[in-house]
Amino acid sequence: MNFFSKCSALAAISLACVTSQLSEASEVKLTAKAEKLAPYQQRDFQEEVFYFVLPDRFYNADSSNDLGAAANDKKRAVSRGGFDKSHKGMYHGGDLAGLTEKLPYLDNMGVSAIWLTPVLRNRAMQAGTSGYHGYWILDFTEIDPHLGSNAELKNFIDQAHKRNIKVFFDIITNHTADVIKYKECHGEDGLGWIVDVSKGNDCPFISMAQLANGKSYSPLIPKGDEALKFPQWLNDKDVYHNQGDSFWRGESSVRGDFAGLDDLYTQKASVVNGMIEIYTDIIDEFKPDGFRIDTVKHVNIEFWQQFSPALMSHAKTQGIDNFFMFGEVYSFEPELLSRFTTEAKIPSVLDFAFQGGMTKALVEQQGTEVLAQLFAKDHFYQTEHRAISNTNANQLVNFTGNHDMGRFAYALKQSPHNYSEQAQIQRNLLAHAMMFFSRGVPVIYYGDEQGFVGDGGDQASRQDMMPSLVASYNDDDLLATDKTTADNNFDVNHLFYRNFAKYSALYQQYPALRFGQQSTVYAQDKPGIFAIKRSHTMKVNDQEQTQELLVVFNTADHWEELDLLNSFKGSKAVYISAESKKEAQIAPLSFAIYQL
Ligand SMILES: [Ca+2]
Ligand SMILES: [Ca+2]
Ligand SMILES: [Ca+2]
Ligand SMILES: [Ca+2]
């Protein structure tokens, strides 16, 4: 009996047995996630399937807000404009009303949590591009008018909660929009440049040693901009470092401006308390289910040691018992990443090391031992700090690509291996399967489910889901579809969308895939088999039951023998992504899950 026929026999009781992930005909009835997942208020963070989205690039359901603030709104004049659908660095019109309208599309794919790029009010224009991405906050008390109103955000959260979907905000404590200028760089009025910006390093960083020797910048706020920020204390120049631009190393990494963005003096108690108040107010007003924290590495650890526990405990007083936070620490080293979940007391971080492992194994074709080496460092995340939320590597946040580094599909496309379209499709699907079925919480980057590719990172990876007018997006060859980004791309029949829906359903069906302790069963020094065991003990009717799953990936572009199954007598396949010709073989670039 081959695996396919085993799989068919099981199909009646298992949710998903398909002959091939590339076949069009293999539709299986999946159990709705609502039947498997606990209600959002009681659900653990590590049960989620995340969808990460830039609201501006998703769906425009209200063209009346496309320009942002109203023309007669004096208070918000700097939050008006920047709308140009043909420019990749401008607002494209997507909004909260659009996200609300498209909730069924996300729900159907099995998404159980949505992470939005920052929604607070931005300076609309800065240095020739716009704040469409939300990372240039001016007003920490209200929603950017391009996206909608505070009331529309509340409605979006209510509608998501009705579908048992959580909502996470992306928050920033490192910097505000760029309002403060330096006389030495921008002149007496702060309105231009008096240095040669073509030489790079626009406003060179002044170190602590230089400060001690009397060198410093003279910060100023251009006339008319003195009261732009909310709350008011953010308009005080003394709550910023004012040391010039970061060059991303040493003390400049924490004390420097991010390309001119005003870097907060996060060592000062008033700033720590001010930021805690800003975000406890946000929790009180909107009751989000958690936060993703931006630029964590660029803020001193002592700040997080106060900020993180304060927010976690405040959320509990608001009845959000499972409130959770994860930080962005741009590093591929578990030794450094884990400092922020342990020393800095942030419950979890985005697992950049996991993303790096996917790239090594599936783009660069390194041996699967690179994955074993990655997971061998999971112990770094286990320390006494777990008192906060009993966290461990299972709560790390897995992703394959993002809005800064670009999509995994782009990494495949530009690889010197010159992958065929079919190979790009298979490798992309396999990377996403690893993201779902390895320890950690999966994050689908919006558009990946529609075969988006992109020309690189940053603006080049922030395509529109709605019909785009950006020429450099629309000339892309999307994977597994004849459509382009000039079309509407909410296709529930796209190969990737359908597969991600299956991955979500599997994830939600088997507790061991969400909670299971992971151990490596097999890895090798060349592409091929990587096998892990996921093991989870739970109480069922007062009896302890252990669910054990074996997940086998084949990263090679050839068939591999599955001799290792001999060590797991009586195992049965619960999912095989590509039909096997023979028992005890696994198809190229495919995976299989067995119950032990
Ligand atoms: Ca709009
Ligand atoms: Ca900083
Ligand atoms: Ca500045
Ligand atoms: Ca292009």
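Here's the yes/no breakdown for (1) within 16 Å of ligand 3 (Cβ to nearest atom); (2) closer than 23 Å to D455 by Cα:
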residue: F52; (1), (2): no, yes
residue: N60; (1), (2): no, no
residue: S64; (1), (2): no, no
residue: A77; (1), (2): no, no
residue: H87; (1), (2): no, yes
residue: L99; (1), (2): no, no
residue: L106; (1), (2): no, no
residue: G131; (1), (2): yes, yes
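What do you reckon, is T391 at pLDDT below 95, assigned to a loop (DSSP other than H, G, I, E, B) and crowded, with 22+ Cβ neighbours inside 10 Å?
yes
Restricting attention to the stretch 37-64, which residues are in a loop (DSSP other than H, G, I, E, B) and of a type in the set (D, E)?
D44, E48, D62
Specify the residue that is nearest to ligand 1 (Cβ to nearest atom); the eligible residues are those in the stretch 452-475 that are assigned to a loop (DSSP other than H, G, I, E, B), more than 19 Å from the chain's Cα centre (by Cα) and in contact (Cβ under 8 Å) with a residue 60 or more places away in the chain.
It comes out as M466.
Scan the stretch 109-167 for residues that are among the small types (G, A, S), in a helix (DSSP H, G or I) and under 21 Å from the mean Cα position of the chain (by Cα) and report the count.
The qualifying residues number 1.
Residues that are part of a loop (DSSP other than H, G, I, E, B) and in contact (Cβ under 8 Å) with a residue 12 or more places away in the chain: does the stretch 492-503 have at least one?
Scanning the stretch 492-503 turns up at least one residue that is part of a loop (DSSP other than H, G, I, E, B) and in contact (Cβ under 8 Å) with a residue 12 or more places away in the chain.
Would you check if K88 is surrounded by 20 or more Cβ atoms within 10 Å (Cβ to Cβ), at pLDDT 95 or above and within 16 Å of ligand 4 (Cβ to nearest atom)?
yes
Being among the small types (G, A, S) and buried (at least 22 other Cβ atoms within 10 Å of the Cβ) is the filter here; which residues of the stretch 99-140 pass it?
G110, S112, A113, A124, S130, G131, G134
So for the stretch 102-114 (the condition being among the basic types (K, R), at pLDDT 95 or above and within 15 Å of ligand 1 (Cβ to nearest atom)), does at least one residue qualify?
Checking the stretch 102-114: at least one residue is among the basic types (K, R), at pLDDT 95 or above and within 15 Å of ligand 1 (Cβ to nearest atom).
Given G244, G224, which one is assigned by TED's automatic domain parsing to the domain that holds D202, under 27 Å from T129 (Cα atoms) and free of Cβ contacts under 8 Å to residues at least 60 places away in the same chain?
Only one candidate passes the filter, namely G224.
Condition check ((1) in the same structural domain as S461 (by TED's automatic domain parsing); (2) under 26 Å from D491 (Cα atoms); (3) hydrophobic (A, V, I, L, M, F, W, C)) across all residues:
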| residue | (1), (2), (3) |
| --- | --- |
| Q41 | yes, no, no |
| E47 | yes, yes, no |
| A61 | yes, yes, yes |
| K75 | yes, no, no |
| R80 | yes, no, no |
| W115 | yes, yes, yes |
| Y132 | yes, yes, no |
| L138 | yes, no, yes |
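Look at N488 and say whether it is within 16 Å of ligand 1 (Cβ to nearest atom), out of contact with any strand residue (DSSP E or B) (no Cβ under 9 Å at 6 or more places or on another chain) and either closer than 24 Å to A556 by Cβ or open to solvent by 20 Å² or more (accessible area, probe 1.4 Å) (or both).
yes
The values are calculated or read from the model by the stated rules, or taken from the named source; none is laboratory data. Remember, it's a predicted structure, so these values are computed and weren't measured experimentally. Ideal geometry is used to build each Cβ from the backbone, glycine not excepted, and the neighbour counts take in all protein chains shown. Side chains are part of the model used for accessible areas, which takes the heavy atoms of the whole protein and leaves out ligands, DNA and RNA. Shrake-Rupley method; radii C 1.70, N 1.55, O 1.52, S 1.80 Å.
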